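The values are calculated or read from the model by the stated rules, or taken from the named source; none is laboratory data. Note that the structure is predicted; figures quoted are calculated from it, not measured. We place every Cβ from the backbone using ideal geometry, glycine too, and count neighbours over all the protein chains shown. Just so you know, the surface numbers come from the protein's heavy atoms only, side chains and all, with ligands and any DNA or RNA stripped out. Shrake-Rupley method; radii C 1.70, N 1.55, O 1.52, S 1.80 Å.
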Amino acid sequence: MDTKKLEKQFVDFVTEYKQIIYKICYIYATDSDSLNDLYQETVINLWKSFPRFRGECKASTWVYRIALNTCISFFRKSKSRPEVVPISVDLEAVVEEDKTAQLHELYRMINRLGRLERALILLWLEERSYQEMADITGISRTNVAVKLNRIKEKLRTMSNS
């Protein structure tokens, strides 16, 4: 496949899944700079893997897995990254204005959860099946159910505080 055609397919692909990428990055970001860094790292990792994506799972499942792994790995890296041109993400373009305050509060509470907990609650909010969550995170379906119940209880407790 020629490079121009591959690039066009990739741009279309990222455009289609940008909300998923953004939501995952937003959950793990500590500020707007880290949000942009995470988004950019995720897009780079998707680009590196794109030619090898064989469609053995849903494209959204693949995007979730790459984005989650990127975000988790991003904070584990201790070496410095080369200077890159940031990709800017506009929250208002992704989220309806009237829900922004509620979403900020929800994301603030979610951000206080552990990394795996954040991934699971995000997938649950996206109405993914327990099996999809298990496939994406690499834990058993039963473990997903147990963890989600505990996470929901934690969030209820946080919201009542």
- Item | Residues that are open to solvent by less than 40 Å² (accessible area, probe 1.4 Å) and of a type in the set (Phe, Trp, Tyr), drawn from region 8-27 | Phe10, Phe13, Tyr17, Tyr22
- Looking across region 105-161 at residues that are in contact (Cβ under 8 Å) with a residue 40 or more places away in the chain and of a type in the set (S, T, N, Q), the single one that is surrounded by the fewest Cβ atoms within 10 Å (Cβ to Cβ) is Ser159
- Message: So Glu92 ticks every box in (1) at pLDDT 85 or above; (2) assigned to a helix (DSSP H, G or I) but one. Which box is left unticked?
- Response: (1)
- Message: Need the failing condition index for Val84 against (1) at pLDDT below 50; (2) in contact with a helix residue (DSSP H, G or I) (Cβ under 6 Å, 6 or more places away or on another chain); (3) among the β-branched types (Val, Ile, Thr), just the number.
- Response: (2)
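Taking into account only those residues within region 28-43 that are surrounded by fewer than 18 Cβ atoms within 10 Å (Cβ to Cβ) and under 23 Å from Leu120 (Cα atoms), which is modelled with the lowest pLDDT? Steps first, answer last, please.
Initially, region 28-43 is screened for residues surrounded by fewer than 18 Cβ atoms within 10 Å (Cβ to Cβ), giving 30-34, 36.
Those still in the list that are under 23 Å from Leu120 (Cα atoms) too: 30-32, 34, 36.
On the way: Thr30: 78, Asp31: 82, Ser32: 83, Ser34: 85, Asn36: 88.
Within region 28-43, the match that is modelled with the lowest pLDDT is Thr30.
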- Query: For region 128-161, which residues satisfy the criterion of being closer than 17 Å to Cys57 by Cβ and either of a type in the set (D, E, K, R) or in a helix (DSSP H, G or I) (or both)?
  - Reply: Arg128, Tyr130, Gln131, Glu132, Met133, Ala134, Asp135, Ile136, Thr137, Arg141, Val144
